Amino acid sequence: MRVRALETVLTEKGYVDPAALDAIVEAYETKIGPRNGARVVAKAWADPAFKQALLDDATKAIGTLGHVSRVGDHLIAVENTPQRHNMVVCTLCSCYPWEMLGLPPVWYKASPYRSRAVKDPRGVLADFGVTLPKDTEIRVWDSTAETRFLVLPMRPAGTEGWSEERLAEIVTRDSMIGTGLPKAAP
Amino acid sequence: MGGMDGFGKVEPEPNEPTFHEKWEGRVMAMVRAIGANGGLNIDSQRFARESLPPEVYLASSYYKKWFLAVENQMIERGMIGRDEVDAGHALRQSPPLKRGKFTLEDVSRIMVRGSFGREAKAPAMFKPGDKVRTKNINPATHTRLPRYVRGHTGIVERINGCHVFPDTAAHDKGENPQWLYTVVFDARELWGDDADPTLKVSIEAFEPYLEPI
């Protein structure tokens, strides 16, 4: 098919080494995913000083955690509270914090989410099975530039004293986009 | 496409794979590699995707749009010929990529997003708390001011530094750095009295998109 034809043309012209393409695909399939973001959220839940640093400058704060993926400039962490729920969209294309969450899921890049998130976020949340209190403020961040947004969800009750590793397991990808909530404590 | 109606429900897929088919990964990798070493900046790539005919844009999957757009971009820039993709082989020599062949050594460089922050040439015109109106602009060229906020009043919430300006960078007319703000709108300002009263929407707005009130 045409994709293979293009790759052959680019290879024959000396533009790309197919092994380098393999390495890019492999990195996104195996290394870069929502685990990175989950570790950051768990750390913020467990460590108030880190949480403050994350909200002040997320790129800088994550840079201090050697074990998590390197992250590009202008990452902004936005905190969910009982009064306010944050949700992230890119109505213009598909901007998404790849280094924290991996490649975006199909629904994030598709027309229904991109069109409706800024107008009817409660309807979108219902599609995810999420209902918020009527008076919670909903803030939708449209990622229209090279800033990137990571939602810091609320820590579920019943997780007091948990280790960061255990906390990270209940942080879902969707909870860091704002279309979901962390898994409840058992 | 913010605010368009009729696309239906959002359909999350449990345990979604990174790629649904192998070709999707190859397209993603080719676009990243050629973009990085061939001088196709992110804004020009976005413009190429937006420039697909609307009926193609709306009916194509995400990576199909990426493929069609990068193929068009490389053809326009004389890097490849459509006849070569049709034939499945290089039929002639082409000039080398700006940064040379994309090899394994280049991979780690592209795994972290590039930086778009730049030195400011002038002080920021707005500060947090300022009331602003988005301009009603409708360029045929690339812009990152979404249609649904044009001509509306909002409040500057954050200053995010001075950034490469997509409206010029997309057309290889320079980085032309501009101040970037988070501007927040009440949903009723955007969608009318029936809008969700608990909703606020923000965009990332470059200074040339805004006028003081």
key: Filter result for B:Glu105 (under 30 Å from B:Asn37 (Cβ atoms), open to solvent by 20 Å² or more (accessible area, probe 1.4 Å) and assigned by TED's automatic domain parsing to the domain that holds B:Gln45)   = yes
Residues in segment A:140-161 that are within 13 Å of another protein chain (Cβ to nearest Cβ) and either at positive phi or assigned to a loop (DSSP other than H, G, I, E, B) (or both) total 5
A:Pro112: open to solvent by less than 50 Å² (accessible area, probe 1.4 Å), more than 27 Å from B:Glu207 (Cα to Cα) and outside the structural domain of A:Thr91 (by TED's automatic domain parsing), yes or no?
no
Per the filter on segment A:110-139, residues part of a helix (DSSP H, G or I) and aromatic (Phe, Trp, Tyr) are A:Tyr113
Conditions (1) within 11 Å of chain A (Cβ to nearest Cβ); (2) open to solvent by 30 Å² or more (accessible area, probe 1.4 Å); (3) farther than 15 Å from A:Ala145 by Cα -> B:Gly114 fails only (3)
Filtering segment A:71-99 down to residues that are buried (at least 22 other Cβ atoms within 10 Å of the Cβ), modelled with pLDDT of 95 or more and of a type in the set (A, V, I, L, M) yields A:Leu75, A:Ala77, A:Met87, A:Val88, A:Val89, A:Leu92
*asked:* Being over 24 Å from B:Lys200 (Cβ atoms) and either of a type outside the set (Lys, Arg) or without any contact (Cβ under 8 Å) to a residue 60 or more places away in the chain (or both) is the requirement here; does A:Ala157 meet it?
replied: yes
Here, helices (runs of 4 or more DSSP H) confined to segment B:17-76 with at least 1 residues that are open to solvent by 50 Å² or more (accessible area, probe 1.4 Å) and under 17 Å from A:Asp22 (Cα atoms) are B:22-38
Q) Any chance segment B:186-196 includes a residue that's within 9 Å of chain A (Cβ to nearest Cβ), in contact with a Leu (Cβ under 7 Å, 6 or more places away or on another chain), of a type in the set (A, V, I, L, M) and open to solvent by less than 10 Å² (accessible area, probe 1.4 Å)? A) yes
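Every residue, every condition in (1) in the same structural domain as A:Glu165 (by TED's automatic domain parsing); (2) among the polar types (S, T, N, Q); (3) buried (at least 20 other Cβ atoms within 10 Å of the Cβ); (4) without any contact (Cβ under 8 Å) to a residue 24 or more places away in the chain, yes or no:
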site: A:Tyr15; (1), (2), (3), (4): no, no, yes, yes
site: A:Asp22; (1), (2), (3), (4): no, no, no, yes
site: A:Phe50; (1), (2), (3), (4): yes, no, no, yes
site: A:Thr64; (1), (2), (3), (4): yes, yes, no, yes
| field | B:Ala87 vs. criteria farther than 19 Å from A:Arg4 by Cβ, surrounded by fewer than 16 Cβ atoms within 10 Å (Cβ to Cβ), modelled with pLDDT of 95 or more and out of contact with any strand residue (DSSP E or B) (no Cβ under 9 Å at 6 or more places or on another chain) | value | no
Residue hits (segment A:12-63; within 14 Å of chain B (Cβ to nearest Cβ), touching a strand residue (DSSP E or B) at 6+ places or on another chain (Cβ under 7 Å) and among the small types (Gly, Ala, Ser)) are A:Ala20, A:Ala58
Quiz item: For segment B:126-144, does any single residue satisfy the condition of being at positive phi and modelled with pLDDT of 95 or more?
Solution: yes
Counted residues in segment A:164-174 being in a loop (DSSP other than H, G, I, E, B) and touching a residue at least 24 places away in the same chain (Cβ under 8 Å) come to 2
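Looking at segment B:163-180 only, could you name the residues that are within 21 Å of A:Leu75 (Cα to Cα), more than 8 Å from chain A (Cβ to nearest Cβ) and out of contact with any helix residue (DSSP H, G or I) (no Cβ under 7 Å at 6 or more places or on another chain)?
Result: B:Phe165, B:Pro177.
The values are calculated or read from the model by the stated rules, or taken from the named source; none is laboratory data. Predicted model only: the values in this text are computed from it and were never measured. So basically every Cβ, Gly included, is an ideal-geometry build from the backbone, and we count neighbours across all protein chains shown. Side chains included, ligands, DNA and RNA excluded: accessible areas come from the protein's heavy atoms. Shrake-Rupley method; radii C 1.70, N 1.55, O 1.52, S 1.80 Å.
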